[in-house]
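One structure below.
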Amino acid sequence: MERMDEFFTERVEGYDEHMLANVEGCKEGYLEMSNYVPKNCSSLLDLGCGTGLELDEILKRMPNISITGIDLTQAMLDKLKEKHPDKPMHLICGSYFDVPFEASSYECVLSFQTMHHFSHERKLFLYEKVYRALTPDGIYLECDYMVENQEVEDFYYSENSRIRKELGIPADEFYHYDTPCTISNQIALLRDAGFRHVEKVFRIENTTLLVARR
Ligand SMILES: C[S@@+](CC[C@H](N)C(=O)[O-])C[C@H]1O[C@@H](n2cnc3c(N)ncnc32)[C@H](O)[C@@H]1O
């Protein structure tokens, strides 16, 4: 198991090509997500923006949108900046669990392929934070690695705990290990955080897009 930021720093070269060519559903998912960003959206927050593959599609449609991106890995943010040197993006290197979000500030918050590393408890905490950061009719879009079967979810969480225990890695430190949730658990977590309507709108292989309305 590698530390989260070291894992992505090691792989930043060739990352975009890998996601677009090898992770099934991502290429289509980036495009599909951009369709759900509200037309009147002036301010958007991207959690775990990385090199901004989802932002590449959104900026094609909405070149003047104001973007805040948060990511743990500086090398990924540097790549994003390199791709869009003249876009005034507000990029923050830090954890989205810790960085404060301004209340009622974004018409759209989104995340792409980053939430499948965390426990239900952490996600619920974050979704409540996202809920508060959205404007009253705001929307949260999450496209991620999700599964259909509870046994599969349980298997990955228990493997994660077992490996961490063996290596002496504390549960709260960010290490890269995939722990996908079931679609129904994801929807339930978002509902528990206060979202009034949550819907699965797209799925290719395990890449699944949920739309959560405040
Ligand atoms: C698979 S990449 C996805 C990047 C981009 N959203 C995409 O779809 O191409 C996951 C990203 O999440 C970031 N990440 C993981 N945990 C994070 C955390 N707690 N806070 C902020 N970023 C995090 C990683 O640094 C990495 O850039």
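Using a 1.4 Å probe on the protein chains only, how many percent of the accessible area of segment 1-107 belongs to carbon and sulfur?
Carbon-and-sulfur percentage of accessible area, whole number: 49.
Rolling a 1.4 angstrom probe over the protein heavy atoms, how many square angstrom per residue are accessible across the chain?
I get 47 Å² per residue for the chain.
For K83, list the lysines whose Cα falls under 28 Å from its own Cα; do not include residues on the same chain fewer than 8 positions away.
Once the sequence-local lysines are set aside, what remains near K83 is K27, K39, K60.
Straight-line reach only, C-alpha to C-alpha below 23 angstrom: list the lysines that K129 could link to, leaving out same-chain residues fewer than 8 apart.
Within the straight-line cut-off, K129 pairs with K200.
Pulled fully out, how much extra length does the chain show between L20 and K60, if you take 0.36 nm times their separation in residues and subtract their Cα-Cα distance?
Details: separation 40, 0.36 × 40 = 14.40 nm, distance 1.68 nm.
Stretched out fully, the L20 to K60 stretch lengthens by 12.7 nm.
Quick one: which residues, 5+ away or cross-chain, put their amide H under 5 Å from the amide H of Y175? H built at 1.01 Å from N.
Residues meeting the amide H criterion: M4.
Taking θ = phi - 60°, what integer Hz values does the Karplus form 6.51 cos²θ - 1.76 cosθ + 1.60 yield along segment 66-72, in sequence order, with x for Gly and Pro?
So the J values, rounded to whole Hz, are 8, 10, 10, x, 10, 8, 6.
Antiparallel DSSP bridges in the chain: what percent, to the nearest 5?
Rounded to the nearest five, the antiparallel share is 45 percent.
Name all residues of segment 92-106 having a backbone nitrogen under 20 Å from the label point set 7 Å from the Cα of Q74 along its Cα→Cβ direction, giving them as ranges.
What the label zone holds, given the 20 Å backbone N cut-off, is 92-100.
With every protein chain present, what accessible area does H116 have (1.4 Å probe, heavy atoms only), rounded to the nearest 10 Å²?
Roughly 10 Å² of H116 is accessible to a 1.4 Å probe.
How far is it, in nm, from the label point at H84 to the one at R196 when both lie 7 Å from their Cα along the line to the Cβ?
Between H84 and R196, the simple spin-label model gives 3.0 nm.
Cα atoms only, segment 1-100: Rg and Dmax in Å?
13.4, 42
Give the aspartates and glutamates reachable from K79 as a straight Cα distance under 19 Å; neighbours fewer than 8 places away on the same chain don't count.
By straight Cα distance, K79 reaches D5, E6, E10, E13, D16, E17, D46, E54, D56, E57, D71.
Roughly how much of H90 is accessible, in Å² to the nearest 10, using a 1.4 Å probe?
Looks like 110 Å² after rounding.
Can you give the Kirkwood hydrodynamic radius for the chain, in Å, rounded to one decimal and based on Cα pairs?
Details: mean 1/r = 0.0574 Å⁻¹.
Result for the chain stands at 17.4 Å.
Can you tell me which of A193, A133, A103 moves the most in a GNM of the chain? Springs connect C-alpha atoms under 10 Å apart.
Its mean-square fluctuation being the largest, the pick is A103.
FRET efficiency for Q150 and C93, Cβ-Cβ distance as r, R0 = 41 Å, nearest 0.05?
After rounding, the FRET efficiency stands at 0.70.
State which stretch of the chain is the longest one without any exposed GluC sites (Glu not before Pro), exposure meaning a DSSP loop state and at most 13 other Cβ atoms within 10 Å.
Value returned for the longest uninterrupted segment is 25-101.
Per the helix-only calculation at 222 nm, which mean residue ellipticity applies to the chain, given -39500 (n - 2.57) for every DSSP H run of n ≥ 4 and division by its residues, nearest 500 deg cm²/dmol?
That calculation yields -12500 deg cm²/dmol at 222 nm.
Working out 0.36 nm times the residue gap between R162 and E13, then minus their Cα-Cα distance, what length gain in nm do you get to one decimal?
Between R162 and E13, full extension yields an extra 50.6 nm.
The values are calculated or read from the model by the stated rules, or taken from the named source; none is laboratory data. Treat the numbers as computed from the prediction; the structure is a model and nothing was measured. FYI the Cβ positions are ideal-geometry reconstructions off the backbone, even for glycines, and counts take in every protein chain you see. Ligands, DNA and RNA are stripped out before the accessible areas are found, and what is left, the full protein with its side chains, is counted by its heavy atoms. Shrake-Rupley method; radii C 1.70, N 1.55, O 1.52, S 1.80 Å.
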